[in-house]
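Here's a structure for you.
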Amino acid sequence: MLRLIGKYRHTFLVGLQGNLVYRWNFALRSCFSLLHLVFIFLLWGAAFAGQTTIGGFGLDATLTYFIALFILHFFVGAFNEDYQISEEIRNGLINQFLLKPVNYYAYRFTIFLASRLVSGCLALVPFLLCLPLLKGHLVLPCEPWRLALGLPALLLSALIQFTIAYCFGLLTFWFLEIQSFVVLSYAVETLLGGQVFPLDLLPAALFRVSQFLPYYYQMYFPVAIFTGRLGQAAAVEGLCVQVFWTLALLAIASLLWKRGLRRHTAVGG
């Protein structure tokens, strides 16, 4: 066990060093994302003109939701992992993992964690600089159970997002180009993951249906727990469904890996 931990610890450190090389790219991306946050403030400020609540939540609660979404997205969002996996398969770099005692999923997930640590910490810099302007809009609840349920939900959210990207990357075993799949998936995830609007603004029936889809648990679910948009009973129920989707996606990823290796031809040394 210690050797196993040490192996992936080394992978994490290498991934951390590799991502620090691109620290300015992450920093600039987070800074430009603030412009997106500015437009959200303007849009929802206009939407709340003349009314105090929408969907049972006030303007500050809605803005808090999007601020939390902005920060957590850099900590758990899968950005280009699918393309990286696709490139390793297409260029034969994956061959080095086939005869070594390294689990490819664990290896890629460790790199993912290192990347998200760098991008998340750098995203905090512009947020902290803007905090004096934003703190008047932050209305975070303080119930202890939200932290106890929110942190596991956040970890499972990262697992779900990475595993979906991992599965799309593995499609390279069957398709030469996966960009169309990734773009379509990104569009669906953006809408059904609560990144355009809080999902509780959907009609009740559609919102209930969305709670049984994996996209609900990618961003909306952990953010809704931390920002008070979900009660304790709904959070516990959602956590159970989130565990189910995590295990289901891991099973799909394992199946794609085994089937893909049957089609893969390793050439060279």
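Among the residues of the range 93-106, what is the count of those that are under 18 Å from T172 (Cα atoms), part of a helix (DSSP H, G or I) and not polar (S, T, N, Q)? Talk me through it step by step, then tell me what you get.
Of the range 93-106, the ones under 18 Å from T172 (Cα atoms) are 93-98, 104-105.
So of that shortlist, the ones also part of a helix (DSSP H, G or I) come out as 93-97, 104-105.
Among the residues that remain, those that are also not polar (S, T, N, Q) are: 93-94, 97, 104-105.
Here the count works out to 5.
Can you find even one residue in the range 121-137 that is buried (at least 21 other Cβ atoms within 10 Å of the Cβ) and in a helix (DSSP H, G or I)? Write out each step before concluding.
Our first condition is that a residue be buried (at least 21 other Cβ atoms within 10 Å of the Cβ); within the range 121-137, this holds for 122-123.
Those still in the list that are in a helix (DSSP H, G or I) too: 122-123.
Checked the range 121-137: at least one residue is buried (at least 21 other Cβ atoms within 10 Å of the Cβ) and in a helix (DSSP H, G or I).
Might you let me know whether the range 164-177 holds any residue that is within 15 Å of E81 (Cα to Cα) and without any contact (Cβ under 8 Å) to a residue 24 or more places away in the chain? Break it down stepwise before answering.
Restricting attention to the range 164-177, the residues satisfying the condition of being within 15 Å of E81 (Cα to Cα) are 164-172, 177.
Imposing the further condition that a residue be without any contact (Cβ under 8 Å) to a residue 24 or more places away in the chain reduces the set to 177.
Yes, because at least one residue in the range 164-177 is within 15 Å of E81 (Cα to Cα) and without any contact (Cβ under 8 Å) to a residue 24 or more places away in the chain.
Give the number of residues within the range 98-120 that are loosely packed, with under 15 Cβ neighbours inside 10 Å and of a type in the set (F, W, Y).
Residues meeting the conditions: 0.
F32 versus (1) aromatic (F, W, Y); (2) at pLDDT 85 or above; (3) surrounded by fewer than 16 Cβ atoms within 10 Å (Cβ to Cβ): which is the lone unmet condition?
The single condition F32 does not satisfy is (2).
Could you pull out the residue among L93, L72, L99 that is more than 21 Å from K258 (Cβ to Cβ) and out of contact with any His (no Cβ under 9 Å at 6 or more places or on another chain)?
Numbers: L93 fails: more than 21 Å from K258 (Cβ to Cβ); L99 fails: more than 21 Å from K258 (Cβ to Cβ).
Of L93, L72, L99, the one residue that is more than 21 Å from K258 (Cβ to Cβ) and out of contact with any His (no Cβ under 9 Å at 6 or more places or on another chain) is L72.
The values are calculated or read from the model by the stated rules, or taken from the named source; none is laboratory data. Being a predicted model, the structure only gives us computed values, none of them experimental. Here Cβ is always computed from backbone atoms with ideal geometry, including for glycine, and neighbour counts include all displayed protein chains.
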